[in-house]
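Asks: Let me give you the structure first, and then I'll get to my questions.
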Amino acid sequence: MCRSFASGAMIFQQGEEARWLYIVLKGAAKTFRYSDNGSEAVVRLLQSDDILIENTLFPSFATPVYAQTTAPSLLLMVPIQALEAQTETAKILLNIALQCYSEAIQQIDCLTLKTPLERVGYYLLEKHIKKEDDSSEVILPGSKSAIASHLGMTPETFSRTLKQLKEQGIDVLGKQVQIQDMFALCEFCDLELASQCKNYIENNCPVHCTKIQKKRISHE
């Protein structure tokens, strides 16, 4: 069934039993946890066509995160029982789980090894590479405070970092990010992200191909 959620509505809470698989048909959502001191740590930011799978991976265990809409949203809700006997569905969910795991690894790498500038630059580059159209515009999937939490920094640090990127031709107006130079963010790339970029695949990356090649050689 489909259900409409107002912005800020709780979809499910940490610790509750999984009953539904949620697919974001329209709108946006986030998953998050609270620290012992009550501060919020954003785990994932979701947009249309993304799947909230965290509460269904281990149905016999408590849900590990909270999920909340960040905009008026329409969600498809699939009963967990309907998935149990579906082999093809299980394969799809496994692939999604692997993608979530990959994103978690990237998140750990981002928080422990990158500077604030590198975190924001990598985040915007990832959004730019993964969007379906070839426009220079990227739409941020959540509020700046939610993205700042997701990247492990304060909203003030996030705002200062965006100002730094403006010197490189990155303009931010609300949730709209305009990238004036398609190669402006290439310095923040890595091997995994480069493999998803059509300019790298087509050998049309004048800034970063050399850097990626050096990294590959250094790891051999």
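Asks: Any idea which of (1) small (Gly, Ala, Ser); (2) touching a strand residue (DSSP E or B) at 6+ places or on another chain (Cβ under 7 Å); (3) modelled with pLDDT of 75 or more is the one Ala71 doesn't satisfy?
Replies: (2)
Asks: Could I ask something else about it? Looking at segment 180-215, which of the residues that are exposed (fewer than 15 other Cβ atoms within 10 Å of the Cβ) and under 17 Å from the mean Cα position of the chain (by Cα) is modelled with the lowest pLDDT?
Replies: Out of the qualifying residues, it is Glu192.
Asks: Looking at segment 14-38, which of the residues that are on the phi < 0 side of the Ramachandran plot and more than 20 Å from the chain's Cα centre (by Cα) is surrounded by the most Cβ atoms within 10 Å (Cβ to Cβ)? Even if it seems obvious, please write down each step before you answer.
Replies: Restricting attention to segment 14-38, the residues satisfying the condition of being on the phi < 0 side of the Ramachandran plot are 14, 16-26, 28-37.
From what's left, more than 20 Å from the chain's Cα centre (by Cα): 16-20, 35-37.
Numbers: Glu16: 11, Glu17: 12, Ala18: 18, Arg19: 14, Trp20: 20, Ser35: 8, Asp36: 5, Asn37: 5.
So the residue we want is Trp20.
Asks: Now for a separate question. May I ask you to verify whether Ser60 is out of contact with any helix residue (DSSP H, G or I) (no Cβ under 6 Å at 6 or more places or on another chain) and modelled with pLDDT of 85 or more? Step through it out loud before you land on a result.
Replies: Numbers: out of contact with any helix residue (DSSP H, G or I) (no Cβ under 6 Å at 6 or more places or on another chain): yes; modelled with pLDDT of 85 or more: no.
No, not satisfied.
Asks: Taking strands (runs of 3 or more DSSP E) that do not extend beyond segment 1-46, which have at least 2 residues that are under 9 Å from Ser73 (Cβ atoms)? If you could, list the steps in order and put the result at the bottom.
Replies: On the way: elements: 2-5, 10-12, 20-26, 29-34, 40-46.
It comes to 2-5, 20-26.
Asks: Residues in segment 137-147: is at least one modelled with pLDDT of 75 or more, in contact with a strand residue (DSSP E or B) (Cβ under 8 Å, 6 or more places away or on another chain), closer than 22 Å to Tyr200 by Cα and open to solvent by 50 Å² or more (accessible area, probe 1.4 Å)? Spell out the reasoning first.
Replies: Within segment 137-147, the subset modelled with pLDDT of 75 or more is 137-147.
Imposing the further condition that a residue be in contact with a strand residue (DSSP E or B) (Cβ under 8 Å, 6 or more places away or on another chain) reduces the set to 137-142, 146-147.
After this cut, where a residue has to be closer than 22 Å to Tyr200 by Cα as well, the list is 137-138.
Add one more test, that the residue is open to solvent by 50 Å² or more (accessible area, probe 1.4 Å), and what stays is 137.
Scanning segment 137-147 turns up at least one residue that is modelled with pLDDT of 75 or more, in contact with a strand residue (DSSP E or B) (Cβ under 8 Å, 6 or more places away or on another chain), closer than 22 Å to Tyr200 by Cα and open to solvent by 50 Å² or more (accessible area, probe 1.4 Å).
Asks: Within segment 135-176, work out how many residues are under 23 Å from Leu46 (Cβ atoms) and part of a loop (DSSP other than H, G, I, E, B).
Replies: Counting residues in segment 135-176 that are under 23 Å from Leu46 (Cβ atoms) and part of a loop (DSSP other than H, G, I, E, B) gives 11.
The values are calculated or read from the model by the stated rules, or taken from the named source; none is laboratory data. Here the structure is a predicted model, which means the values were calculated and not measured. We place every Cβ from the backbone using ideal geometry, glycine too, and count neighbours over all the protein chains shown. Quick note on the areas: whole protein, heavy atoms, side chains included, nothing else; ligands and nucleic acids left out. Shrake-Rupley method; radii C 1.70, N 1.55, O 1.52, S 1.80 Å.
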